[in-house]
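Participant: Pasting a structure below so you can have a look.
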Amino acid sequence: MLRGLWKLTWLEIKIFLREPLGAFGSIFLPVVVFVVVSRFAGGRLTPGSLSTAAFLRVGLPVLVAVLIALSGVLSLVTIISIYREGGILKRLRATPLRPQTILTAHVLVKLTLTALTMALTVLAGKRYYPVHTHFPVFGFTIALLISTWSILSIGFLIASIVPTARFAQPIGAAILYPMIGLCGLFVPVQSMPPALQVVARVLPLTYSVSLLEGIWKGEAWSAHMCDVAALVVIFAICTALSARVFRWE
Amino acid sequence: MGISGTPNPVIQVSRIRKSYGATAAVSDVSFDVTEGEVFGLIGPNGAGKTTTMECVEGVRRPDAGQISIMGLDPFRDVYQVQDRIGVQLQRAQLQKRIKVWEAVDLWASLYPKPLDGNRLLEQLGLADKRNAWFMTLSGGQKQRLFIALALINDPEVVFLDELTTGLDPQSRRAIWDLVRGIRDRGKTVFLTTHLMEEAERLCDRVAIIEYGKIIDIGSPQELVGRHCSTRTVVLATADALAEERLRAIPRVDNLIRQDSQFTLQGQGDDFVTEVIQCLSEYRIRVTDFRTVLPNLEDVFLKLTGHSIRD
C-alpha cells in the first residue's frame, strides 16, 4: 500500500511548477526549440532535398521525443541529489511514507510532465510543422512514456552515485547525452564499428528510438515487443542495482 | 526514578553499538526513558547523540544491542512505531517551495488519527505563514514547523534532535516554552542538545555522552550534587578586616581578592550559610553578594576534563 502517493505526487508537481525554470524550462522551452528548429529546417525544404524531408518526417520528431525524455531524467537526477543533500529525503523517510512511495511519486511527476510536453509539442506541430505527418498520437505517447520510465531507472542509478547536487547535472548530462549519438538515430546501429554496436545494444535509448520510430511510422506494437522487453529488462536491472546502492543521506 | 513511584519505561536501550566503517559512533550505550518525562542526551558534537537517537527512531539499525520502544522493536516494527512517534531531525529541510499548509496537510494524510493542522499552526504561531514557502521562513519558524510536523499525529513519544541549534536567544526561549507545553500534555520527550542551559531548563533527566559512551545519568540537580559540590560566593566590601575574617571560616578552600571584591569557594551545602553567619557576626557591610552554583557545564568539565564547547 502506498499511503500518501497521490498527495505527494500532486504536491511535487506543484512544487516543480513553482521553480523559476520549472514550467518554462522543461515544458515550454522544448516546444519553442522544436518550433524554431522545424521552421528553420522547413525553410530550406526544397523539392530536391530528400534527406531533409526524411529527417523531418521521422528523425526530428523522434529526436525531440528523446530529448523530452532525457530532460525529464536529468531533472530527476538533479532533484533527487538536491533532496538528499538538503536532508529532505531523510525527513520524508522518517514518516510512514515508504521509500518506494517517495521514489514512485517522482517517477509519476516526470511521466506526467513528459506527457504534457509531448501533448504541447504535438499541438505546436499540427500548426507549425512544415511536413504533414500522420502518426498514432496515443500509441506514440505510450511508447514515449515506456521509454522515459525505463531511462528514469538509469537516472536513479546516476542519482545513487553522484556525490553532491553540484555534480548531478554535469555527470547526468555526460552519461545521458552521448547516448543520443549511439542510439541509431543518426547512424544506423548496423553500420557502426562492432565495439560501438555492443555499446549501442545495452543502451536503453537504442530500443526507445527503435520503438518510437516504428510506432511513429505506423508499425504494429507486435513488431516492437523486443524493444519493449529490452526496456523492461533495463528497468529491472537498473532498479535492482540502485536499490542496492541508493543512499538516502 | 519516576516521580509517581513506579517507573514506566517507554524506551529501553540496552548495550547498543554502531560503527561507521572503522569509527565507532556509539559503543555500549544503555538507558531508559520514563513515560511523561523530558529526557536529554547531552554531549559535544560527534559524541554519538544523533546516532543513538536515530537507532531508537528506527531510522538506523544498531550493529549490536537491544532497543524497545513502547514494547516494539523500532527497526522490525518501524511502521507501527512511526505511527506513534513524532520526529524532528537535525539539519533537516523540506522542499524549498512547499507551502507550510501543504507540508502539514501531507503529514496529516500519512497518519490514522491526525490532529487539526490549522489549530496546530495557530498554537505554534504559524497561522499567518500558512501560505508561505518553506524557503522564506526564518530559522525559528522552520523549527516551529518541524515541531508541528512532529506533533501532527498526536504522538506518544516526541524526538527532538538539536532543536534550537543556530537560533537566536529569543527564538530559543520561545521553542523551550513549546517543549514544556508538549510535556505538559503528557507526552514523553527525548531530546539531544549540546547546550547545557537548554538541558538544565528542559530536562527532567539527562545522560551525558562522549565518544559514544554514556558517562553518567541523572537529573541535573543529582548530577551537580554528585560531581560538583563546590559552592562559590562572590561579595564586595570595603571593610579592611574582611579578608582576615573570611579566611577564618573553616570550610573556605579558596579565596581570591580583587580590590574590594572577594570570591570564596568551599565544599558542601552549608558553606553559603557559614559565609552569611560570618558577615553578620562581624557586622561586615557588603555592597554586593551573590552565589554561583555549579551547573551541568561544570559537571561536564569535571567529568570529561574539557568544556563542551571545545
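The values are calculated or read from the model by the stated rules, or taken from the named source; none is laboratory data. Everything quoted here is computed from the prediction, not taken from an experiment. A quick note on method: Cβ atoms are made from the backbone with ideal geometry, for glycine too, and the neighbour counts reach across all protein chains shown.
Participant: Exactly one condition in (1) more than 14 Å from every other protein chain (Cβ to nearest Cβ); (2) of a type in the set (S, T, N, Q); (3) crowded, with 18+ Cβ neighbours inside 10 Å is not met by B:Asn8; state its number.
Facilitator: B:Asn8 satisfies every listed condition except (3).
Participant: Considering (1) surrounded by fewer than 17 Cβ atoms within 10 Å (Cβ to Cβ); (2) over 29 Å from B:Gly305 (Cα atoms); (3) not acidic (Asp, Glu), say which one B:Ile182 fails and leave the rest.
Facilitator: All conditions pass for B:Ile182, except number (1).
Participant: Can you name the condition, by its number, that A:Gly184 falls short on among (1) without any contact (Cβ under 8 Å) to a residue 60 or more places away in the chain; (2) assigned to a helix (DSSP H, G or I); (3) in contact with a Ser or Thr (Cβ under 7 Å, 6 or more places away or on another chain)?
Facilitator: Evaluating A:Gly184 over (1) without any contact (Cβ under 8 Å) to a residue 60 or more places away in the chain; (2) assigned to a helix (DSSP H, G or I); (3) in contact with a Ser or Thr (Cβ under 7 Å, 6 or more places away or on another chain) leaves (2) as the failure.
Participant: State which residue is nearest to the other protein chains (Cβ to nearest Cβ) when the search covers only the range B:110-157 and only residues that are surrounded by fewer than 20 Cβ atoms within 10 Å (Cβ to Cβ) and among the hydroxyl-bearing types (Ser, Thr, Tyr).
Facilitator: B:Thr136
Participant: For the range B:279-304, enumerate the residues that are without any contact (Cβ under 8 Å) to a residue 60 or more places away in the chain, of a type in the set (Ser, Thr, Tyr) and surrounded by 12 or more Cβ atoms within 10 Å (Cβ to Cβ). Let's see the steps before the verdict.
Facilitator: Within the range B:279-304, the first condition is being without any contact (Cβ under 8 Å) to a residue 60 or more places away in the chain, and the residues that meet it are B:279-290, B:301.
Keeping just the survivors that are of a type in the set (Ser, Thr, Tyr) gives B:280, B:282, B:287.
Passing the criteria: only B:Tyr282.
Participant: Being over 24 Å from B:Val29 (Cβ atoms) and of a type in the set (Val, Ile, Thr) narrows it down to one residue among B:Thr263, B:Thr304; which is it? Please lay out each step first, then the result.
Facilitator: Details: B:Thr304 fails: over 24 Å from B:Val29 (Cβ atoms).
The unique qualifying residue is B:Thr263.
Participant: Follow-up. Among B:Arg97, B:Arg91, which is touching a residue at least 24 places away in the same chain (Cβ under 8 Å), in contact with a strand residue (DSSP E or B) (Cβ under 7 Å, 6 or more places away or on another chain) and not in a helix (DSSP H, G or I)? Before the answer, list the steps.
Facilitator: Details: B:Arg91 fails: in contact with a strand residue (DSSP E or B) (Cβ under 7 Å, 6 or more places away or on another chain).
Answer to the selection: B:Arg97.
Let's see how each residue does on (1) within 14 Å of chain A (Cβ to nearest Cβ); (2) crowded, with 21+ Cβ neighbours inside 10 Å; (3) basic (Lys, Arg):
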{"position": "B:Arg17", "(1), (2), (3)": "no, no, yes"}
{"position": "B:Ser27", "(1), (2), (3)": "no, no, no"}
{"position": "B:Ile42", "(1), (2), (3)": "no, yes, no"}
{"position": "B:Thr52", "(1), (2), (3)": "no, yes, no"}
{"position": "B:Pro62", "(1), (2), (3)": "no, yes, no"}
{"position": "B:Gln80", "(1), (2), (3)": "yes, no, no"}
{"position": "B:Gly86", "(1), (2), (3)": "yes, yes, no"}
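Condition check ((1) of a type in the set (Ser, Thr, Tyr); (2) under 27 Å from B:Asp177 (Cβ atoms); (3) in a strand (DSSP E or B)) across all residues:
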{"residue": "B:Leu41", "(1), (2), (3)": "no, yes, yes"}
{"residue": "B:Gly46", "(1), (2), (3)": "no, no, no"}
{"residue": "B:Thr51", "(1), (2), (3)": "yes, no, no"}
{"residue": "B:Pro62", "(1), (2), (3)": "no, no, no"}
{"residue": "B:Ile67", "(1), (2), (3)": "no, no, yes"}
{"residue": "B:Trp107", "(1), (2), (3)": "no, yes, no"}
{"residue": "B:Met135", "(1), (2), (3)": "no, yes, no"}
{"residue": "B:Lys142", "(1), (2), (3)": "no, yes, no"}
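Participant: Something else about it: Could you say which residue among A:Leu144, A:Leu111 is over 30 Å from B:Pro74 (Cα atoms), surrounded by fewer than 21 Cβ atoms within 10 Å (Cβ to Cβ) and not acidic (Asp, Glu)?
Facilitator: On the way: A:Leu144 fails: surrounded by fewer than 21 Cβ atoms within 10 Å (Cβ to Cβ).
Only one candidate qualifies: A:Leu111.
Participant: Then there's this: Looking only at the range A:209-231, decide whether some residue is over 17 Å from the mean Cα position of the chain (by Cα), farther than 22 Å from A:Leu145 by Cβ, among the small types (Gly, Ala, Ser) and part of a helix (DSSP H, G or I).
Facilitator: No, because not a single residue in the range A:209-231 is over 17 Å from the mean Cα position of the chain (by Cα), farther than 22 Å from A:Leu145 by Cβ, among the small types (Gly, Ala, Ser) and part of a helix (DSSP H, G or I).
Participant: Report, ordered by the first and then the second residue, all pairs with beta carbons closer than 8 Å, sequence separation of six or more or different chains, a first member in the range B:259-278 that is farther than 20 Å from B:Glu222 by Cβ, and a second member that is among the β-branched types (Val, Ile, Thr) and in a helix (DSSP H, G or I).
Facilitator: B:Leu264/B:Val275; B:Gly266/B:Val275
Participant: A follow-up question, please. What's the number of the condition A:Ala200 fails, among (1) out of contact with any helix residue (DSSP H, G or I) (no Cβ under 8 Å at 6 or more places or on another chain); (2) assigned to a helix (DSSP H, G or I)?
Facilitator: (1)
Participant: Would you point out which residue out of A:Gly43, A:Gly59, A:Gly86, A:Gly139 is at pLDDT below 85, over 17 Å from A:Met179 (Cβ atoms) and among the small types (Gly, Ala, Ser)? Write out each step before concluding.
Facilitator: Details: A:Gly59 fails: over 17 Å from A:Met179 (Cβ atoms); A:Gly86 fails: at pLDDT below 85; A:Gly139 fails: at pLDDT below 85.
Answer to the check: A:Gly43.
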